[in-house]
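Let me begin by presenting the structure, written as C-alpha cells, before commenting on it.
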Amino acid sequence: MKNIKLSHTLKSYSIVFLVGIFIGCICRLLDYCSLDSLWGFSSIQTLLGFWIITNTIIVLLSTSNKCAGISSFLYMFGMTLSFYGLQAILGMFIPLFSGGFRKSLFILFTLLSILCAIAAFVLYYWNKDNVLSSLLYSLPVGALVAETIAISFYFLEHHTFLFQLLMDIIGAVVFSVLFFKKVKHRKLYIIGIALSSLVFYLIFPW
C-alpha cells in the first residue's frame, strides 16, 4: 500500500473513477445471486461496511485532503453511475433488471457520494500529529464494530449476510491494528472506538 498513492492529477482521478465503475458493475451483476443465500452476495453494497472499508482505503492512499475528497466522490459516483446505468441496459434484455433507470435512487446516492467526499476530506486530518487524529482514526473502526454487532444478530436470526459479517470483522481487525500503530494517543483511540461504536449502533436503523 505504501507504493500505491493517489494524487491530485487527472490520471489518478481517472483510475479511481474507472475502479468505481468496475466495482459498481460487479455489485449489480451480483444481483443474480439469491437474496436468501447464506453468503448474501446480492446485498454487499447495501450495508455500510463495504463503503467504510473502500473509502477508508482511499483516504489512506491519498496525498492530501483535496485528493481524498475528490477521489472518494469519483469512486462513489462511478459506482452509482454504473450500478444504475447497467441495470437500465440489462433491463432491456433480462427481466431480473427491469424497471428502467432509477433516477430518484441515482440522485440520492449521488448526494451520498458528496457526503462521503466531505467525510474523506475530514478524515485525512488524521495525518496531523495531534489529539484529534486519534479520534478520527477511531471512527471507521467504531462504525465497522457497530455493524459487526448488528450483522451478527441478523445472521444468527436469518442465516444470511455471512460475507458481510466476515468482511466487517476483517476490516475492523485490520484497521484497528493498523491505526493503533499510527496513533499517538492510544488510550484516547481505544475510548474513541468504544464511544463511536455505541453511537453508530444507536443512530443507524440496523
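The values are calculated or read from the model by the stated rules, or taken from the named source; none is laboratory data. Keep in mind that this is a model prediction, so the values were computed, not measured. Heads up, the Cβs are rebuilt from the backbone with ideal geometry, glycines too, and the neighbour counts pull from every protein chain shown.
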Across segment 57-101, what is the total count of residues that are modelled with pLDDT of 85 or more and either among the polar types (S, T, N, Q) or part of a loop (DSSP other than H, G, I, E, B) (or both)? 8
From the list 53, 107, exactly one residue is closer than 27 Å to residue 203 by Cα, among the β-branched types (Val, Ile, Thr) and within 15 Å of the chain's Cα centre (by Cα). Which is it? 53
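Just give me the residues in segment 183-197 being among the β-branched types (Val, Ile, Thr) and in a helix (DSSP H, G or I), in sequence order. If you could, list the steps in order and put the result at the bottom.
Of segment 183-197, the ones among the β-branched types (Val, Ile, Thr) are 183, 190-191, 193.
190, 191, 193, listed by residue number.
The rows are residues; the columns are (1) touching a Gly at 6+ places or on another chain (Cβ under 8 Å); (2) free of Cβ contacts under 8 Å to residues at least 40 places away in the same chain; (3) farther than 20 Å from residue 58 by Cα.
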site	(1), (2), (3)
105	no, yes, yes
108	no, yes, yes
116	no, no, no
119	no, no, no
127	no, yes, no
139	yes, no, no
Read through the list (1) under 20 Å from residue 27 (Cα atoms); (2) under 18 Å from the mean Cα position of the chain (by Cα), then give the number of the only condition that residue 100 fails. (2)
When residue 206 is evaluated against the numbered criteria (1) in a helix (DSSP H, G or I); (2) surrounded by 14 or more Cβ atoms within 10 Å (Cβ to Cβ); (3) at pLDDT below 95, which criterion, by number, is the only one it fails? (1)
Scanning segment 41-84 residue by residue, those of a type in the set (S, T, N, Q), over 20 Å from residue 4 (Cβ atoms) and touching a Cys at 6+ places or on another chain (Cβ under 6 Å) turn out to be 42, 45, 82
If the requirement is being crowded, with 20+ Cβ neighbours inside 10 Å and not aliphatic (A, V, I, L, M), which of these qualifies: 140, 95? 140
Tally of residues being at negative phi, touching a helix residue (DSSP H, G or I) at 6+ places or on another chain (Cβ under 7 Å) and either of a type in the set (Phe, Trp, Tyr) or buried (at least 24 other Cβ atoms within 10 Å of the Cβ) (or both) across segment 152-175: 7
Among all residue pairs at least 6 apart or on different chains, which show Cβ distances below 7 Å where the first residue, located in segment 33-55, is not assigned by TED's automatic domain parsing to the domain that holds residue 22 and buried (at least 19 other Cβ atoms within 10 Å of the Cβ) and the second is in a helix (DSSP H, G or I) and small (Gly, Ala, Ser)? none
